Amino acid sequence: MELQKVLRMNGGQGESSYARNSCFQEISLGFLHPFLEECIHDMKLMIPCERFCIADLGCSAGPNTVVVAEAISMAVQKKYAQASPPLPIPELQVFFADLPCNDFNLLFRTMPPALMSSNIKEEEEELENFNMINGCNDSLLDDDGKVISTAHQESRRYFAAGVAGSFHTRLFPRNSLHFVYSSYSLHWLSRVPIEIKDKSSRSWNGKRVFISKDGPMEVAEAYLAQFQKDFSSFLTARAQEIVKGGCMFIYLSGRDTADPRDQGASGVIGDILEAAFNDMLSQGLIEVEKLHSFNLPFFAPCAEELIAEFEKEGSFIVIRILFLSRVVEKVNKQSCMPNTENMDKCQAFGKMVAKQFRAILEGLVTAHFGGEIVESLFEIFAVRAAENISKLWKSNVEGGGILAVVERA
């Protein structure tokens, strides 16, 4: 299975789409916003600069993607406008990069128009026409028909282009990027480590589908080695593409322990998915060999592992690399775990979690097992998630990710 052809978030705007099931990512992006503004405020001004190029690597599609592009572009414009003396604001070019199977159609269909004209009346008419045409058909709606995202109702002040390809390789010409952004993407590996599928290897993962706390250390070490290889390739490519003084802002799932077997919230999800698969195996819905050959291409590193890779590559100055904990709790102080004695609320919570991870994992599951098992798998996943609500909630609230801000030396 070639991951580049099947690793994707669910496209479209349907019930199982990533666009409608990425609220956790939205919460985290809200938490990251001050860090993002600070990073751009503190970066070196590019003088002279007629065109300022931004890349969102692993952009996916949906409202979060548009919100991030708007936040970055506004921060860059603000930096130039507030310079002393004020500097001409360069034209902004945003590249949205992801694997070829990403839903680029949805991304550009729901993106606001680029209003670059000097004629204000002309701009207002163009925006009004866009909203009349797209306001109903392309709004993201919840189950009650309420609008989830209205990002497309605003204009944008940047030029947009899609780039299809893996960020583990070169995607752009040398010295062409000024700012690189990537969130919730770099924890995905370019491939599952070969040795964990080899029955003769000490790293064989058996019927497990991910790293397990009580699994062999060799499995976690194989995942770590693959992550190190992939992240090294990522840095080598970016070192050639980013101009001197340019910045890179990265956020990915991470852990705050040295033990690679402890994958935090990701490990809890892996355990629930594994339990769901084993339920299907006992019911004769999947074959044992199929299960033994399925593993998630994902790894949550610790800050020290990221720092080591930056030091090894040597082209970047580390401004900050740290583990951010309890992100959900800090953003939503009113959040509380559903009452475990209320079965309806537990089941609703389980279904919500299942929808979120179906939006992320359906492509991988379908490519390996076939689409006929998807409904059953995530129905069982929802039941298992409801049974593990305390563990899920604790890992989500206490967990977090790694923030890395670096400058091209």
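The values are calculated or read from the model by the stated rules, or taken from the named source; none is laboratory data. Keep in mind that this is a model prediction, so the values were computed, not measured. Here Cβ is always computed from backbone atoms with ideal geometry, including for glycine, and neighbour counts include all displayed protein chains. Areas reflect the complete protein model, heavy atoms only, side chains present, ligands, DNA and RNA absent. Shrake-Rupley method; radii C 1.70, N 1.55, O 1.52, S 1.80 Å.
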Order Asp56, Asp262 by their accessible area, 1.4 angstrom probe, all chains in place, largest first. Asp262, Asp56
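Taking the Cα centre of the chain as origin, sum charge times position over the Cβ atoms of Lys and Arg (+1) and Asp and Glu (-1), and report the length of that vector in debye to the nearest 20.
800 debye
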Measure of size requested: the Rg and Dmax of the stretch 155-269, with Cα atoms as the atom set and Å as the unit; please supply both. 17.3, 58
Mean Cα-pair separation over length for the chain, i.e. relative contact order, pairs under 8 Å, 6 or more apart, %: 20 percent
Per residue Cα convex hull volume for the chain, in cubic angstrom? 144 Å³
So what's the net charge close to Phe159: Lys and Arg +1, Asp and Glu -1, counting the other residues with Cβ under 11 Å from its Cβ? +2
Order by protection proxy (mean Cβ within 10 Å, highest first), peptides 160-166, 178-184: 178-184, 160-166
Could you state the accessible area per residue of the stretch 232-310 in Å², with a 1.4 Å probe and every protein chain left in place? 31 Å²
Accessible surface of Tyr18 in the full protein assembly, 1.4 angstrom probe, to the nearest 10 Å²? 30 Å²
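Can you tally the net charge around Gly245? Count Lys and Arg as +1, Asp and Glu as -1, for every other residue whose Cβ sits under 12 Å from the Cβ of Gly245. Walk me through the numbers on the way to the answer.
Working: positive: Lys44, Lys244, Arg408; negative: Asp42, Glu407.
Residues close to Gly245 contribute a combined charge of +1.
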Label-point separation, Ser293 to Glu379 (7 Å along Cα→Cβ), nm: 2.7 nm
Calculated from DSSP H runs of 4 or more alone, at -39500 (n - 2.57) each and per residue, what is the 222 nm mean residue ellipticity of the chain, nearest 500? -14000 deg cm²/dmol
To the nearest 10 square angstrom, how much accessible area does Val318 have with a 1.4 angstrom probe? 60 Å²
7 Å from Cα along Cα→Cβ at both Phe108 and Ala258: what's the point-to-point distance in nm? 5.0 nm
Where in the chain is the longest stretch that carries no GluC sites (Glu not before Pro) classed as loop by DSSP and with at most 12 other Cβ atoms within 10 Å? 51-286
Violating pairs (Cα-Cα greater than 31 angstrom) within the set Lys5/Lys345; Lys79/Lys355; Lys44/Lys355; Lys207/Lys355; Lys5/Lys207; Lys5/Lys244: Lys5/Lys345; Lys79/Lys355; Lys44/Lys355; Lys5/Lys244
